[in-house]
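Dumping the structure here so I can ask a few things about it.
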Amino acid sequence: MDVAVTLRVNGVARSVTTDPDRPLLDVLREEFQLTGTKHGCGEGRCGACTVLLDGHPTLSCVTAVSAAHDKTITTIEGLAEGETLHPVQEAFLEAGAMQCGYCTPGMILSAVALLREKPAPTDDEIVTAMNGHICRCNGYVKILSAIRLAAGGGEGEARLGGRGSCRAVIRTSNIEH
Ligand code: FES
Ligand code: FES
């Protein structure tokens with residue numbers, strides 16, 4: 001039986017009447033058109049669908065929408081303020097830490113949560129925090145560099161990031177997936 005679920009998504013109260021066991025990922029993408037949150041494995045093994053649930057990185061593909069009732073959700077679309085990117089988004093751009101971009105929203109959201117908790121993480125702490133995320137483009141070195149950069153810990157590995165079209169992708173992950 002469908003139930004009414006209320007969520008606060010990127011600062012906006014949203015309601016949906018749906019199967020309580022429906023994955024949060026499907027509600028975000030199909031009901032609210034927040035397609036920056038990606039469907040990867042669909043079974044909790046890749047991190048592509050990560051959102052922040054009450055500030056904590058959460059795999060939305062294996063989270064029932066009813067478990068998010070009355071909770072706060074942040075997706076990649078909720079990080080930038082107008083045209084101003086979140087510092088972690090800027091760092092990913094600066095470090096060129098994306099290729100296809102499919103893993104990027106989840107990576108960025110986990111990095112945001114990490115840096116809120118530990119503003120100056122060690123490399124080991126970064127790797128541990130990002131451990132559940134798979135990058136099929138094998139961009140791990142630049143992703144590590146981006147998170148170091150966001151933490152203010154150096155220049156990172158490379159400043160190869162294209163701006164232009166990459167900027168739009170990193171803001172909403174509005175890619176064809
Ligand atoms: S799509 Fe959720 S963990 Fe892979
Ligand atoms: S940039 Fe392609 S999966 Fe990570």
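The values are calculated or read from the model by the stated rules, or taken from the named source; none is laboratory data. All figures in this text were calculated on a predicted structure; none of them were measured in a lab. Here Cβ is always computed from backbone atoms with ideal geometry, including for glycine, and neighbour counts include all displayed protein chains. Surface accessibility is based on the protein's heavy atoms, side chains included, excluding ligands, DNA and RNA. Shrake-Rupley method; radii C 1.70, N 1.55, O 1.52, S 1.80 Å.
Would you kindly give the portion of the calculated P(r) for the stretch 17-56 that falls above 12 Å, as a percent of all Cα pairs? Before the final figure, lay out each step's value.
Working: 469 of 780 pairs.
Above the 12 Å cut-off, the stretch 17-56 has 60 percent of its Cα pairs.
Over the stretch 46-121, what relative contact order in percent results from Cα pairs under 8 Å that are six or more residues apart?
The value is 40 percent.
Okay, next question. Using the charge dipole of the chain (Lys, Arg: +1 at Cβ; Asp, Glu: -1 at Cβ; taken about the Cα centre), state which of GLY55, GLY152, ASN131 has its Cα farthest towards the positive end.
GLY152
Evaluate E = 1/(1 + (r/R0)^6) for MET1 and VAL141, where r is the Cβ-Cβ distance and R0 equals 35 Å; express this FRET efficiency to the nearest 0.05.
Step by step, r from the Cβ atoms, then E = 0.10.
May I ask you to order 62-74, 84-96, 101-113, 29-41 by the average number of other C-beta atoms within 10 Å around their residues, highest value first?
Per-residue mean Cβ counts within 10 Å order the peptides as 101-113, 84-96, 29-41, 62-74.
Still on this structure, please answer the following. Can you tell me the relative contact order of the chain? Whole percent, Cα pairs under 8 Å, sequence separation 6 or more.
24
Can I ask one more? Using the Cα centre as the reference, give the magnitude of the dipole from point charges on the C-beta atoms of the stretch 40-110 (Lys, Arg: +1; Asp, Glu: -1; all else neutral), rounded to the nearest 20 debye.
In debye, rounded to 20, the stretch 40-110 gives about 300.
Starting from the Cα of ASP123, step 7 Å toward the Cβ, then list every residue of the stretch 77-101 with an amide N under 17 Å from that point.
none
Per residue of the stretch 16-28, in order, report the coupling 6.51 cos²θ - 1.76 cosθ + 1.60 (Karplus, θ = phi - 60°) as ³J(HN,Hα) in whole Hz, putting x for Gly and Pro.
These are the phi-based 3J(HN,Hα) values: 8, 10, 7, 4, x, 8, 4, x, 3, 3, 5, 5, 4 Hz.
In debye to the nearest 20, how big a dipole does the stretch 1-145 give about its Cα centre with +1 on each Lys and Arg Cβ and -1 on each Asp and Glu Cβ?
180
Whole number in Å², please: accessible area per residue of the chain, 1.4 Å probe, ligands, DNA and RNA not counted.
I get 49 Å² per residue for the chain.
For the stretch 3-78, evaluate the Debye formula with one uniform point scatterer on each Cα (no solvent term) and list log10 I(q)/I(0) at q = 0.13, 0.15, 0.24 Å⁻¹, rounded to two decimals.
-0.30, -0.40, -1.11
Enter the per residue convex hull volume of the chain, computed from alpha-carbon coordinates, in Å³ rounded to the nearest integer.
For the chain, the hull spanned by Cα atoms encloses 101 Å³ per residue.
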